[in-house]
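Participant: Can you read through this structure? Questions will come right after.
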Amino acid sequence: MLYKNDVGNEDLEGDENDLALDLRVLKAGQGGDCTDATANQMETKPRPLYTIATLLSDLTRVAQYVRDDRLRKLLVEKDKDKDGEHGGIGTPATRDTIIATLFERGYLAEKGKNIISTPTAREFYDTLPDPAKYPDMTALWHEQQKAIQAGERDAVSFVAELMEYISSEVAGVKQNGVGIKMNAPLCPDCGKPLRRIKKKEKNEFFWGCTGFADGCKYACEDKAGKPVAKQALLVSELHKCRSCGKGLSRRTGKKKGTFYRTRVELIAAISAT
């Protein structure tokens, strides 16, 4: 036992043994001898995993994760007249979209009813500067916005400082890179990573190329969390198109167990649209 915690806070009255065990009576420069020690093996329980509901709830009270007491009070003060908000980040209208984007980019994944971070997300988090890891920045921006409302500073200088900060961080990444190991499967067409995307209004997924904005339209089905590679089209040497004479390819029809044949050029044209 390092100290005795049953001594009153009002005064340090007690017998000599109690006072000897109370670290509050020690002064700078004093020392003591350890007369006895015991060690107990204990196990801490981790915090429960998030669900969609608990994650959305936590986003309404992120002030609890702010490290600076003054900034924490600012963030709580921001929401004092908002029902259901207790120093949150984002808005009820944007939080669903933020979470959905994290899923689409492969930073979050579902584990039963729970939500877990992916290895890529954890590696990405480790590369970020501290201001981007904590909600303190939200409180700072709110403070600056209040100063603008009060006429104590102008919006142009606030935006200029913000852009300067972002530009310096981007420049640092361009110069030093980021230490993230990408384990995502690669697109067979362009070589860029594939990402798993949830289908609209369905609890189903498919894989799409991250080079979509650059013109790559590759996509394939999902099976047990992994992309199912498209089978190469087999062009018949026996069955020819009556219009051009080129080989036909056998395709699966909409109804189960039915097939049809079409020209490869037609399939390419449909895919391009």
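Participant: At a 10 Å Cβ-Cβ cut-off, how would you order 136, 154, 33, fewest neighbours first?
Facilitator: Least to most surrounded, the residues fall as 33, 154, 136.
Participant: Still on this model: What do you get for trypsin sites (Lys or Arg not before Pro) in the range 42-104 restricted to DSSP loop and a cutoff of at most 13 other Cβ within 10 Å of the site's Cβ?
Facilitator: Working: sites: 61, 67, 70, 72, 73, 78, 80, 82, 95; in loops: 61, 67, 80, 82.
The qualifying sites are 67, 80, 82.
Participant: Pairs 73/133; 111/199; 111/226; 80/133; 111/223: which are spaced more than 21 Å apart, C-alpha to C-alpha?
Facilitator: Numbers: 73/133 19 Å; 111/199 18 Å; 111/226 15 Å; 80/133 24 Å; 111/223 16 Å.
In this structure, 80/133 lie more than 21 Å apart at Cα.
Participant: Determine, for 105, 196, the number of other Cβ atoms within 10 Å of each Cβ, and report the residues in order from fewest to most.
Facilitator: Least to most surrounded, the residues fall as 105, 196.
Participant: Now, a different point. Once you wrap a convex hull around the alpha carbon atoms of the range 52-176, what is its projected area averaged over all directions, in nm²? Write down the numbers at each step before the final one.
Facilitator: On the way: hull surface 37.0 nm².
The Cα convex hull of the range 52-176, projected and averaged over all directions, gives 9.3 nm².
Participant: If you don't mind, there's one more thing I want to ask. Compute the signed sum of charges (Lys and Arg +1, Asp and Glu -1) over the other residues within less than 15 Å, Cβ to Cβ, of residue 51. Mind dumping the intermediate values first?
Facilitator: Working: positive: 47, 95, 111, 113; negative: 58, 96, 110.
With Lys, Arg at +1 and Asp, Glu at -1, the net is +1.
Values quoted throughout were computed directly from the atomic coordinates according to the rules given, and no laboratory measurement underlies them. Since this is a predicted model, take the numbers as computed values, not measurements. Neighbour counts run over all protein chains shown; Cβ positions are idealised from the backbone, glycine included.
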